[in-house]
Structure formats: C-alpha cells, structure tokens
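Asks: Take this structure first; my questions come after.
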Amino acid sequence: MTIRYYILCLAFCVVSCKSQKATVDYTGSPDEVLTRILQEEISTLESKPHGVSLTVISPQLGIDFSGAAGYDSTNNNQLLTANQPFRIASLTKTFVATSILRLREKGLVNIDAPITDYISKAHINILEKGGYDPTKITLRHCMMHTSGLFDYAEGNRDYIAEAAKDPDKRWTRTEQLQWAMDHGSPYGAPGEVHHYSDTGYILLGEIIENTMKTGLAEAMRELLQFEALGMSSTWLESLEDRPEGLPRSVKRYLADIDASSWDNSVDLYGGGGLQSTTRDLATFLQGLFSNQVYEQPETLAVMLLKSEYTGDPLAEYRLGLGYIKGKKSGVEAYMHSGFWGTLFIHFPAYNCSIAINHTVDESNGALQKVVDYIQWLDKEQ
C-alpha cells in the first residue's frame, strides 16, 4: 500500500490541474470519454494482459459511470466486466475506521481511550510481552497509524514469504498479532511516530467485534448500512456468505504468483478482508461524504481532522483515509489504496468519487487521466 500511496501523491501533486497535455479526446459525453480512458489504458500497456474497471460518480458534474476493459486475469481468456468483485485489501481500513466512528456516535467507544479498555486480556498480554505498553496506545493512534505497532503484514517480507509456503493456512488474529511481536520491534512511542500498520487495524477489528458482541461482518454491515446505500456486491469474504448472482471474482496476483485461491485469512480481520466492486466502493464514498453513513454530520469532520503530528508525508493520513492536495490546483482529495491494485478517492470540490481496480498492480496513468478530465469538465461547466 505504501508505495502506491507515494506514487499517487507524487502524480496528483505534480501533474494535476492540467499541467500536462491531455492525451484523451474529451469530445462527447462523460461516458464516452471515460470509456476512451479505459480503452487507452489497456491498449498502451505492453506487459501482461490485464484489465481495469472504473466507477466515477459526481452528481455535480453529471457523471454516473461504471465500465471495464481488458481481462479479469493474466490468462487473457475472459473479458472483465464492470460488475465483477475483487479483494479490496487495505481499502477495508476505511470501512473499519468508519465503523469505529459509528460506535463513537453511539457512545460505545472513546477513540482517545487506550485499546486496553476494549481488547482481550490475552492480546494485552501478547503486546506487553512484545515490548509495548498498550495502555498508552489509543484507538485514534491505531486509526491514524501512529500506534508504533510493527506492521505484521508488510513490516518486512517475512509474513508474505511464510504465507506463500502454505496458501491454505487459516490464520487467526492472535497469530498475526504474535507474528508482529516475533518479527519486528516497535516503530516508536505511540503518537510520536507515523508508520503504516495493519496490526493496529486488526485490533480495531477486534474492538468492533467486542463492542457489538457479534462477528466483524455482521457488525460492519449493521453499522455501515450497506443495504440502505445499495451496496449489494460487498461482503467480508469467508466471514459471511457471498451475495448471490455475482460473477466470478477478479484474479489477484503477487508478482507472477496467482494468489487468488490463498485463504483470505492472510488479510482479513480489519486491515483487509472485504470484496467489492468499483460501483459499490464509489457508492460508499459518496454516501460517506454526503452524510448518509454517519448519524451526526460532525462525525465526518472528526474523521478528516488533520493530525498535529509533523513527521513524514504520511502524517496526512486521517482516520482511515489519506489526504492529498494538488500543489498547483489546490484541490483536496481523500483516498485509500489497496495491495492488489485497487484505489478509491473523493474530491469534495466536485462531489466526485472515483474507484479503480487493476487486474495486476500496474497502470499507464488511467487514474490521472480521469482526474484531469474531471478538472477540465468542472472548468467547462
């Protein structure tokens, strides 16, 4: 996730607001232009066959588009369709953070309280033996990646290497927490260092379960109101039933390895785990920024509040969302990316949500072209 985040920040800040000449023909309707962008993305990539799906929703600009081009695997034998679901990996963190803030709205959690108020004694003991003082780590620290907790998933290459040895292994949250203790050291004191950490988010997943006294899937579905938003293609894989009638999921790759059949417990308990479509992802962002998810409008302001931390650029990570601002355009955006090649982003100035997914984690700039077009269309209107 981290590499993709830096790449996006660089691209958006340097070339946003038409600082490079558009290569896409803007004549015609938004559906026609966005379809051209997808087709150009596929036709100009010279590596493995792959596909890209895209949804763009902006009532303000008159856009409601979902489309796809290319293939749903590197086998190059089945065309990708816009309604095919896929593992969204770390985009799940936005849903988890939103769930925690919904619990805050209900008066069930205090995000500035220590995690020891909400997690099991067994996990508290693991953290203490691992060299941490969990009484100093708050929910907010975990949500903002300032907990200091070593990232079990991507802190080094050990975890992925171990998972590759036995793709069918059913991991538990406790095993992943223990892995973080055994394979890395604290990044620093809570609140004093910023470092992306799946470990904090699996603990947030536990907090949701313990507070709601139910499974994570049931809790998130209730708190986030998937059905009311019309998100019929989103589910927490292996923890609840797959919705009926969906086409097969898009393949997922780890370099040249087809990891589609890996047990999804390798990334499940809060740091990842959801499957979705670009349509549902963009729908969720629109709902989130249109006060259709939170009961209290001020909760969104809490989610987007800038941290007082003044370290590396990732300090612009808010509660479950990254923040970027175009250096030339001044346009603000909130986003999250995922390990497998998924990203969603919302531009408040255009009331625009974009979700994009690649079959393999490779792009020829389709997202930037979409952003360029959105900015051009706003000026034209």
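Asks: Among residues belonging to region 291-300 that are open to solvent by 10 Å² or more (accessible area, probe 1.4 Å) and among the polar types (S, T, N, Q), point out the one that is farthest from the chain's Cα centre (by Cα).
Replies: Q296
Asks: Name the residues in region 203-235 that are within 28 Å of F150 (Cα to Cα), of a type in the set (D, E) and without any contact (Cβ under 8 Å) to a residue 12 or more places away in the chain, would you?
Replies: E209
Asks: Which number in (1) free of Cβ contacts under 8 Å to residues at least 40 places away in the same chain; (2) under 15 Å from E206 (Cα atoms); (3) in a loop (DSSP other than H, G, I, E, B) marks the one condition that N77 misses?
Replies: Here N77 clears every test but (2).
Asks: Could I ask something else about it? Please go through (1) crowded, with 18+ Cβ neighbours inside 10 Å; (2) at pLDDT below 95; (3) not acidic (D, E) for T74 and return the number of the only condition it doesn't satisfy.
Replies: Exception for T74: condition (1).
Table: residues versus (1) among the hydroxyl-bearing types (S, T, Y); (2) over 24 Å from the mean Cα position of the chain (by Cα).
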{"residue": "E41", "(1), (2)": "no, no"}
{"residue": "L54", "(1), (2)": "no, no"}
{"residue": "S58", "(1), (2)": "yes, no"}
{"residue": "S73", "(1), (2)": "yes, no"}
{"residue": "T92", "(1), (2)": "yes, no"}
{"residue": "F95", "(1), (2)": "no, no"}
{"residue": "D112", "(1), (2)": "no, no"}
{"residue": "N125", "(1), (2)": "no, yes"}
{"residue": "T135", "(1), (2)": "yes, yes"}
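Asks: Let me ask something else about it. Quick one: V109 ticks every box in (1) out of contact with any Gly (no Cβ under 9 Å at 6 or more places or on another chain); (2) buried (at least 24 other Cβ atoms within 10 Å of the Cβ) bar one, so which box is it?
Replies: (2)
Asks: Now, a different point. Based on this model, can you work out whether A255 counts as of a type in the set (G, A, S), open to solvent by 50 Å² or more (accessible area, probe 1.4 Å) and under 28 Å from L79 (Cα atoms)?
Replies: Yes.
Asks: Additional query: Can you tell me which residues in region 234-249 are within 30 Å of Y350 (Cα to Cα) and open to solvent by 10 Å² or more (accessible area, probe 1.4 Å)?
Replies: Within region 234-249, no residue meets the criteria.
Asks: Kindly indicate the residue of region 353-381 that is within 24 Å of S290 (Cβ to Cβ) and not in a helix (DSSP H, G or I) and also most open to solvent (accessible area, probe 1.4 Å) among those meeting that condition.
Replies: That would be Q381.
Asks: Ok, one more. For residues in region 181-218 being over 14 Å from T98 (Cα atoms) and of a type in the set (S, T, Y), which is surrounded by the most Cβ atoms within 10 Å (Cβ to Cβ)?
Replies: Out of the qualifying residues, it is T199.
Asks: Additional query: Working only within region 275-290, note down all residues that are of a type in the set (F, W, Y) and open to solvent by less than 10 Å² (accessible area, probe 1.4 Å).
Replies: Across region 275-290, the qualifying residue is only F284.
Asks: For region 160-174, which residues satisfy the criterion of being in contact with a helix residue (DSSP H, G or I) (Cβ under 9 Å, 6 or more places away or on another chain), touching a residue at least 60 places away in the same chain (Cβ under 8 Å), assigned to a helix (DSSP H, G or I) and not charged (D, E, K, R)?
Replies: I160, A163
Asks: Filter region 80-97 down to the residues that are in a loop (DSSP other than H, G, I, E, B) and either under 20 Å from C142 (Cα atoms) or hydrophobic (A, V, I, L, M, F, W, C) (or both) and list them by number.
Replies: Scanning region 80-97 gives L80, A82, I88.
Asks: Can you find a residue in region 60-68 that is open to solvent by 10 Å² or more (accessible area, probe 1.4 Å) and among the β-branched types (V, I, T)?
Replies: No, region 60-68 has no match at all.
Asks: Residue under question is G272, and the condition is that it be under 26 Å from S197 (Cβ atoms), in contact with a strand residue (DSSP E or B) (Cβ under 6 Å, 6 or more places away or on another chain) and crowded, with 21+ Cβ neighbours inside 10 Å; does it hold?
Replies: Against the criterion (under 26 Å from S197 (Cβ atoms), in contact with a strand residue (DSSP E or B) (Cβ under 6 Å, 6 or more places away or on another chain) and crowded, with 21+ Cβ neighbours inside 10 Å), G272 does not qualify.
Asks: Which pairs turn up if I take residues in region 309-332 that are modelled with pLDDT of 80 or more and look for partners that are crowded, with 17+ Cβ neighbours inside 10 Å and among the basic types (K, R) with beta carbon separation below 8 Å, at least 6 apart in sequence or on another chain?
Replies: Every condition considered, the pairs that remain are L319/R140; G320/K93.
Asks: Going by the conditions given, is Y132 part of a loop (DSSP other than H, G, I, E, B) and in contact with a helix residue (DSSP H, G or I) (Cβ under 6 Å, 6 or more places away or on another chain)?
Replies: For Y132, the condition - part of a loop (DSSP other than H, G, I, E, B) and in contact with a helix residue (DSSP H, G or I) (Cβ under 6 Å, 6 or more places away or on another chain) - is not met.
The values are calculated or read from the model by the stated rules, or taken from the named source; none is laboratory data. The structure displayed is predicted, hence computed values, not measured ones. Cβ atoms come from the backbone with ideal geometry, glycine included; neighbour counts cover every protein chain shown. Just the protein is used for accessible areas: all its heavy atoms, side chains included, with ligands, DNA and RNA removed. Shrake-Rupley method; radii C 1.70, N 1.55, O 1.52, S 1.80 Å.
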